[in-house]
Amino acid sequence: MYDVALAEVAATKLSSAMDADVLFYNGEITFKSSGRFIDLICARSRKKKLILILVTPGGEPDAAFKIGRSMQAKYDEISVFVPGWCKSAGTLIALAANAIYIGDRGELGPLDIQIAKSDEILEMGSGLTVDSAMKSLETTAAKMFLNLLLTIRRDTGGSITTRTAAELASTMVVKLLDPIYRQIDPMKIGENSRAMNITKSYGTRLSIKSGILKGRESLDFLVSAYPNHGFVIDRAEAKLLFTKVLEPTAEMLGLTDVLKEAALTSVRISSDGSPIITFLSSEAALKEPAKPKEPVKMLRPKSARSDSNAIHRPAPPAPKPKGIVASRTGSNGKPNGSAAGRAG
């Protein structure tokens, strides 16, 4: 296992670099694990972005859809980092992301569903197996018919007409393949086809919001074009199907080194095989609500006169103090009003 303390340090560096929560999922995708996942992100003080490090062999498409939907509901932007193994239902979760980072050893897988094998306990088979078997039988029947038709015409030197040769060839093909077709359960084929359509519908809904698929044909390719469950979809192959496939950042590679084997394959740390689902980065601190500020009282400056017309009117003369007699002496020192003070 990895060192938890070192992983937190490396994840916090990645979180700071990309301003995102860093969540680690390692293990099978089940209904139980989807519930744990949803409870975990709902209880966290979240950032607006999420980086999901996903390592899984696959699992239930219903659970994968719930995980993808919950991420899209809680985060504005989602990145899925695939450092190692991420198959089947893991690829379905990746369709909820706005960007997919794939390491040099990273690999996605086809969107084939897992079906319980008959007469087996806790053993699953790929939905692509039934589909591949039917296509193989169809191809084999067509080749057998054509080979028999040409052989009959050639060996008889043309003495048998094409119509007769075709009837003989078809009869022989039916007799040869009839024992094989009798072992096929139509109900099983119907269930398989329905399950594949469910997976495709989930992928359509997740990718509508994320915009990660290049087109409808990309989803069809993921569901039915690959030959088996373990087919490797590496970074180069993924760029043909998805709109935004990137190489890991330096911080992602540093975290991968700390996680060691847990970043590459599924690891088992509990007796019941439950997956690792944990935030590696430290939780964002809750912001305390700002205290309401008291309204500021604006003090109006005091003016000598508030009347705006005061500047246009002359100030009234200052009143003379009472009890004071004005001097009657003129500027020449003589009393005012006297004969001496008059000019004549």
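The values are calculated or read from the model by the stated rules, or taken from the named source; none is laboratory data. What you see is a predicted model; the values in this text were computed from it and never measured. Here Cβ is always computed from backbone atoms with ideal geometry, including for glycine, and neighbour counts include all displayed protein chains. These accessible areas exclude ligands, DNA and RNA; they are computed on the full protein's heavy atoms, side chains included. Shrake-Rupley method; radii C 1.70, N 1.55, O 1.52, S 1.80 Å.
Across the range 43-80, what is the total count of residues that are part of a helix (DSSP H, G or I) and open to solvent by less than 40 Å² (accessible area, probe 1.4 Å)?
9
Can you tell which of 40, 14, 6 is over 20 Å from the mean Cα position of the chain (by Cα), touching a residue at least 60 places away in the same chain (Cβ under 8 Å) and either in a helix (DSSP H, G or I) or over 16 Å from residue 280 (Cα atoms) (or both)? Give the steps one after another, and end with the answer.
Values: 40 fails: over 20 Å from the mean Cα position of the chain (by Cα); 14 fails: over 20 Å from the mean Cα position of the chain (by Cα).
After applying the criteria, what remains is 6.
Which numbered condition trips up residue 102, out of (1) in contact with a Phe, Trp or Tyr (Cβ under 9 Å, 6 or more places away or on another chain); (2) surrounded by 19 or more Cβ atoms within 10 Å (Cβ to Cβ); (3) farther than 21 Å from residue 262 by Cα?
(3)
Kindly check whether there is at least one residue in the range 237-246 that is more than 13 Å from residue 105 (Cα to Cα), of a type in the set (Val, Ile, Thr), assigned to a loop (DSSP other than H, G, I, E, B) and touching a helix residue (DSSP H, G or I) at 6+ places or on another chain (Cβ under 7 Å).
The answer is no, given that none of the residues of the range 237-246 is more than 13 Å from residue 105 (Cα to Cα), of a type in the set (Val, Ile, Thr), assigned to a loop (DSSP other than H, G, I, E, B) and touching a helix residue (DSSP H, G or I) at 6+ places or on another chain (Cβ under 7 Å).
Tell me, please, whether a residue that is open to solvent by 30 Å² or more (accessible area, probe 1.4 Å) and within 24 Å of residue 14 (Cα to Cα) can be found in the range 217-232.
Within the range 217-232, not a single residue is open to solvent by 30 Å² or more (accessible area, probe 1.4 Å) and within 24 Å of residue 14 (Cα to Cα).
What are the residues in the range 83-108 that are part of a loop (DSSP other than H, G, I, E, B) and modelled with pLDDT under 95, if any?
Pass one, the range 83-108, residues part of a loop (DSSP other than H, G, I, E, B): 83-84, 87-88, 95-98, 103-106.
Passing the criteria: 87, 88.
In this structure, does residue 281 turn out to be polar (S, T, N, Q), part of a loop (DSSP other than H, G, I, E, B) and within 21 Å of residue 77 (Cβ to Cβ)? Steps first, answer last, please.
On the way: polar (S, T, N, Q): yes; part of a loop (DSSP other than H, G, I, E, B): yes; within 21 Å of residue 77 (Cβ to Cβ): yes.
So residue 281 fits the description; yes.
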